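**Q** First the structure, then my questions, so here it is.
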Number of protein chains: 2
Amino acid sequence: MPRWNPDPQERLVTAAVELFRQHGYDAVTVTDIAEKAGLTRRSFFRHFSDKREVLFAGSRGNIPRITRLVEEYAPDVTAREAVMGALAQVGDYLLADPAAQALRQDLIDDSLELQERERTKLADMAAALAAGLVLRGTPPADAHSIGVFSAGIFHSAYVRTLRNEPPGSFADQLHASAAVIARFLTE
Amino acid sequence: MPRWNPDPQERLVTAAVELFRQHGYDAVTVTDIAEKAGLTRRSFFRHFSDKREVLFAGSRGNIPRITRLVEEYAPDVTAREAVMGALAQVGDYLLADPAAQALRQDLIDDSLELQERERTKLADMAAALAAGLVLRGTPPADAHSIGVFSAGIFHSAYVRTLRNEPPGSFADQLHASAAVIARFLTE
């Protein structure tokens with residue numbers, strides 16, 4: 001194994017993104033990715049359940065983390081502050097390398113299969129937020145609605161930050177997205 | 001072809017739902033469904049792109065209809081009233097046979113594959129709502145956020161109506177779901 005990058009998972013992600021860029025997501029196989037990373041197909045499946053998952057590796061650990069982030073806010077902090085605070089932290093973490101994330105988002109926007117997986121991840125995020133709210137005392141049905149809503153706001157703020165439309169930090173975009181809905185609901 | 005039900009698509013849906021109920025969604029094949037409906041596999045694929053689609057046949061025509069419903073509201077009607085009015089009509093239409101819809105929802109709730117397709121349909125609904133709003137003059141980025149939000153509210157109201165929790169019409173549930181988010185955003 002080459003010494004310069006001993007982490008096989010990271011090598012698989014780098015190889016996959018490069019191949020997807022060159023040939024398009026659909027044309028690349030798991031075998032291609034493993035070969036380019038200097039690994040076996042078997043090793044690929046030790047790290048990822050399928051080809052789609054390569055682009056969502058970073059989000060796996062986030063789910064329990066999101067529940068904990070929401071839950072840990074003090075009881076006198078409102079549900080909105082707890083959820084927005086948790087999401088701002090997740091967004092800042094994911095957007096540490098915006099150029100790589102923009103490239104990843106372009107690949108997702110070009111593939112129905114990847115969009116499907118992205119929606120599954122957002123549904124997982126919604127469930128994680130709801131679980132955190134329930135632990136803070138929000139009724140489960142309300143927590144579910146708030147979770148789905150907040151995951152939608154997260155995604156919209158995330159895409160706006162990547163495109164820098166309008167210019168602003170992730171937290172700015174999060175509040176702008178929430179404000180659009182607040183206006184919509186009260187006009 | 002039996003005379004009692006000349007519509008092959010409807011026969012395929014009825015056969016599929018019955019088989020899914022008896023054996024579980026995963027265990028049933030397209031061949032099983034076609035056989036039970038007295039049709040060929042080829043005929044199945046003339047009506048549906050895959051097995052999942054059988055449970056979403058009713059929603060196909062709704063997408064352009066939703067855009068039109070939103071667009072057709074008079075200019076002095078607010079975006080909220082136009083979207084809620086359009087969704088109330090779609091919900092009432094889909095919920096004409098609540099027992100069949102509850103059974104369908106149970107099948108979806110039991111299958112990750114079907115949940116994925118359901119989310120795709122909700123994303124289509126979000127895009128259709130956004131398109132209607134843009135035609136009424138809402139800026140595209142705002143229309144996108146409102147579309148995603150409203151499709152989420154629709155789904156939550158739809159499930160609450162099926163479960164009758166709390167008791168109420170679809171329009172009641174729609175307003176209750178919106179009110180949860182309005183409270184969340186202003187507390």
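**Q** Just checking: which of the helices (runs of 4 or more DSSP H) contained wholly in region A:1-105 hold 2 or more residues that are under 27 Å from A:ARG163 (Cα atoms), open to solvent by 50 Å² or more (accessible area, probe 1.4 Å) and free of Cβ contacts under 8 Å to residues at least 24 places away in the same chain?
**A** Of the helices (runs of 4 or more DSSP H) lying wholly inside region A:1-105, those with at least 2 residues that are under 27 Å from A:ARG163 (Cα atoms), open to solvent by 50 Å² or more (accessible area, probe 1.4 Å) and free of Cβ contacts under 8 Å to residues at least 24 places away in the same chain span A:8-23, A:79-94.
**Q** Confirm whether B:GLY168 is under 11 Å from the mean Cα position of the chain (by Cα) and open to solvent by less than 40 Å² (accessible area, probe 1.4 Å).
**A** When the stated conditions are applied, B:GLY168 does not pass them.
**Q** What single numbered condition from (1) closer than 30 Å to A:GLU187 by Cα; (2) modelled with pLDDT of 90 or more; (3) within 16 Å of the chain's Cα centre (by Cα) fails to hold for B:GLU72?
**A** (3)
To keep it simple, each residue is scored yes or no on (1) surrounded by 22 or more Cβ atoms within 10 Å (Cβ to Cβ); (2) within 9 Å of chain A (Cβ to nearest Cβ); (3) closer than 29 Å to A:ASN164 by Cβ; (4) modelled with pLDDT under 95.
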site: B:LEU129; (1), (2), (3), (4): yes, no, yes, no
site: B:GLY132; (1), (2), (3), (4): yes, no, yes, no
site: B:LEU135; (1), (2), (3), (4): no, no, yes, no
site: B:ASP142; (1), (2), (3), (4): no, yes, yes, yes
site: B:ILE146; (1), (2), (3), (4): yes, yes, yes, no
site: B:SER150; (1), (2), (3), (4): yes, yes, yes, no
site: B:HIS155; (1), (2), (3), (4): no, yes, no, yes
site: B:THR161; (1), (2), (3), (4): yes, no, no, yes
site: B:ASN164; (1), (2), (3), (4): no, no, no, yes
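**Q** Looking only at region B:35-43, decide whether some residue is within 21 Å of B:ASP109 (Cβ to Cβ), of a type in the set (S, T, N, Q) and at pLDDT below 95.
**A** Looking through region B:35-43, none of the residues is within 21 Å of B:ASP109 (Cβ to Cβ), of a type in the set (S, T, N, Q) and at pLDDT below 95.
**Q** Go through region B:106-120 residue by residue and tally those that are among the charged types (D, E, K, R) and open to solvent by less than 40 Å² (accessible area, probe 1.4 Å).
**A** Counting residues in region B:106-120 that are among the charged types (D, E, K, R) and open to solvent by less than 40 Å² (accessible area, probe 1.4 Å) gives 3.
**Q** When residues of region A:106-124 are filtered for being touching a Leu at 6+ places or on another chain (Cβ under 7 Å) and free of Cβ contacts under 8 Å to residues at least 24 places away in the same chain, how many remain?
**A** Taking region A:106-124 as the starting set, the residues that turn out to be touching a Leu at 6+ places or on another chain (Cβ under 7 Å) are A:107-108, A:114.
Those still in the list that are free of Cβ contacts under 8 Å to residues at least 24 places away in the same chain too: none.
Residues meeting the conditions: 0.
**Q** A further question on this structure: What's the number of the condition A:TYR93 fails, among (1) aromatic (Phe, Trp, Tyr); (2) within 13 Å of the chain's Cα centre (by Cα); (3) not assigned by TED's automatic domain parsing to the domain that holds A:GLU165?
**A** Going through the list (1) aromatic (Phe, Trp, Tyr); (2) within 13 Å of the chain's Cα centre (by Cα); (3) not assigned by TED's automatic domain parsing to the domain that holds A:GLU165, A:TYR93 breaks only (3).
**Q** Being closer than 13 Å to B:ARG80 by Cα and in a loop (DSSP other than H, G, I, E, B) is the filter here; which residues of region B:130-147 pass it?
**A** Selection gives B:ARG136, B:THR138.
**Q** Could you tell me whether B:LEU112 is over 11 Å from the mean Cα position of the chain (by Cα), modelled with pLDDT of 95 or more and within 11 Å of chain A (Cβ to nearest Cβ)? Outline the logic, then answer.
**A** Working: over 11 Å from the mean Cα position of the chain (by Cα): yes; modelled with pLDDT of 95 or more: no; within 11 Å of chain A (Cβ to nearest Cβ): yes.
Against the criterion (over 11 Å from the mean Cα position of the chain (by Cα), modelled with pLDDT of 95 or more and within 11 Å of chain A (Cβ to nearest Cβ)), B:LEU112 does not qualify.
**Q** Of all residues in region A:45-85, how many are within 14 Å of another protein chain (Cβ to nearest Cβ) and hydroxyl-bearing (Ser, Thr, Tyr)?
**A** Of the residues in region A:45-85, 3 are within 14 Å of another protein chain (Cβ to nearest Cβ) and hydroxyl-bearing (Ser, Thr, Tyr).
The values are calculated or read from the model by the stated rules, or taken from the named source; none is laboratory data. Predicted, not measured: the structure shown is a model, and the values here were computed from it. No Cβ is skipped: glycine too gets one built from the backbone with ideal geometry, and neighbour counts run over all protein chains shown. To get the accessible areas, we keep the full protein, side chains included, count just its heavy atoms, and leave off ligands, DNA and RNA. Shrake-Rupley method; radii C 1.70, N 1.55, O 1.52, S 1.80 Å.
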